[in-house]
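The values are calculated or read from the model by the stated rules, or taken from the named source; none is laboratory data. Worth saying up front: this structure is predicted, and the values here are computed from it rather than measured. Here Cβ is always computed from backbone atoms with ideal geometry, including for glycine, and neighbour counts include all displayed protein chains. Please note that ligands, DNA and RNA were not included when accessible areas were found on the heavy atoms of the full protein model with its side chains. Shrake-Rupley method; radii C 1.70, N 1.55, O 1.52, S 1.80 Å.
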Amino acid sequence: MHLERTHITHLLNALYTEDVTSISVKHPCEEIGELLRFDISDPVETTVRFTQGALTYQDTREEMHTAYGERVYNDLPNAETYVRALVAAGLVDIENVDEVETFFHRHGYPDLDAGHEPIALGIDTNLMAWRMPEALKLDPTTYQDSAGRSPVNGFALATGIYDELSWHYTHYETRSLEDAFGSEFARLDNQPAGGNREGFLGLFEYRQLRDHRYADIVESEKGDESIIEAYVEYDANNRKRIILLSNDYGFVERARDAGILAQHVSFPVDIPRKVIVSWDELHDLLYILAVLFGVLELPKVTVYGVWNGKSGDDWQKHRLNVDCRSDRVKEKLRRDRAITTNYKTNQ
């Protein structure tokens with residue numbers, strides 16, 4: 001059964017009606033096991049407890065390398081990616097959150113009525129997968145200050161960044177993954193492998209910004225030098241200011257040397273023991289982790305972030321594939337999904 005990211009509430013409701021309120025999120029491989037656990041008894045204040053912090057998880061990943069080899073090791077996201085996924089889902093702040101907020105209060109929030117130049121935000125390849133407009137509260141369709149001013153007014157998307165995200169390596173043979181992780185991974189053939197799944201998250205975040213936000217396309221080649229040169233030209237020839245974000249200090253320094261406003265974004269090394277969020281953050285958490293790990297096990301259901309047959313439309317609409325191990329959960333999920341689908345169709 002396919003389920004869009006925004007409809008993961010249906011899955012939580014189905015589990016809740018079966019008196020399952022403590023949700024364990026596990027990798028199917030016993031050696032990796034539980035990543036985190038959350039209690040859904042309160043949809044507004046949901047406590048998420050991390051069974052494995054980033055450093056503990058990395059130790060587990062290294063053990064998998066020793067036991068099963070390079071291919072299995074590379075299919076698991078590394079500790080840095082695990083942390084960034086939690087940032088993208090809104091559970092964990094970036095490391096330098098105060099610095100970034102100060103930067104945007106100084107250089108963002110233009111007063112267009114007073115004649116200030118609009119601001120276009122550019123996001124480097126290394127940040128594109130991690131939903132920076134949401135994670136940093138910069139999306140102009142959602143966030144404004146008390147005076148009604150948005151931190152930025154739109155986006156400037158370099159084509160070189162899109163090209164850097166558009167590389168593909170797929171699983172053509174999954175036996176090693178099945179041996180290490182379990183039979184569930186037989187369904188990952190002809191789908192992105194390992195770190196390429198992070199690339200797909202970035203690719204479709206780029207498309208989301210391009211197609212559903214106010215965005216200018218900036219023609220460039222791949223590589224920092226070409227991308228920054230293209231942004232310099234854009235900044236000079238448009239009645240807009242450009243602000244660039246990157247996780248690469250070299251990219252930020254090169255942009256500043258070229259006269260462009262740029263800010264470095266740092267990620268934490270580890271994560272807290274627990275956080276409190278709403279169900280809205282759980283949508284993004286489950287979707288992003290399911291894509292990065294390929295498969296997750298929850299009580300009564302197995303959630304596939306990738307599966308053989310996952311199409312471009314499935315990626316674009318952020319769909320998961322949910323295999324219900326409980327007929328009662330399956331029927332409840334089917335009914336709720338049908339109601340939502342009929343409602344959208346009739347709008």
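Scaled to the globular estimate 2.2 N^0.38 Å, the Cα spread of segment 98-187, given as radius of gyration, is 1.65. Put a plus charge on the Cβ of each Lys and Arg, a minus charge on the Cβ of each Asp and Glu, and nothing anywhere else: the dipole of the chain about its Cα centre is then about 1240 debye. Each DSSP beta bridge with both residues in the chain is either parallel or antiparallel, and the antiparallel ones are about 60%.
Within the accessible surface of segment 1-113, defined with a 1.4 Å probe on protein heavy atoms only, the carbon and sulfur portion equals 42 percent. In units of the rule-of-thumb radius 2.2 N^0.38 Å, segment 21-100 shows an alpha carbon radius of gyration of 1.25. Take the chain with all the other protein chains still there, run a 1.4 Å probe, and you get 45 Å² of accessible area per residue.
With the simple model of a label 7 Å out from the Cα in the direction of the Cβ, I217 to H105 spans 3.8 nm. In plain terms, if you count all Cα to Cα distances in segment 203-347 and split them into 5 Å steps from zero, the share in each step is 2, 7, 10, 14, 15, 13, 12, 10, 8, 6, 3, 1, 0 percent.
With respect to the cross-link table entries K137/K330; K137/K310; K222/K317; K240/K317; K137/K300; K137/K274, which display a Cα-Cα separation exceeding 25 Å? Those over the limit are K137/K330; K137/K310; K222/K317; K240/K317; K137/K300.
Taken along its principal axes, the alpha carbon cloud of segment 137-255 reaches lengths of 56, 36, 26 Å, longest axis first. Normalised by the number of residues in the chain, the average gap of Cα pairs under 8 Å and 6 or more apart makes the relative contact order 26 percent.
Based on the alpha-carbon gyration tensor of the chain and its eigenvalue square roots a ≥ b ≥ c, which shape applies: rounded if a/c is under 1.5, prolate if not and a/b is larger than b/c, or oblate? Prolate shape, in that a/c is at least 1.5 and a/b is the bigger ratio. Put +1 on the Cβ of each Lys and Arg and -1 on the Cβ of each Asp and Glu in segment 48-171; which of G108, V87, V97 then has its Cα farthest toward the positive end of the dipole? So the residue furthest toward the plus end is V87.
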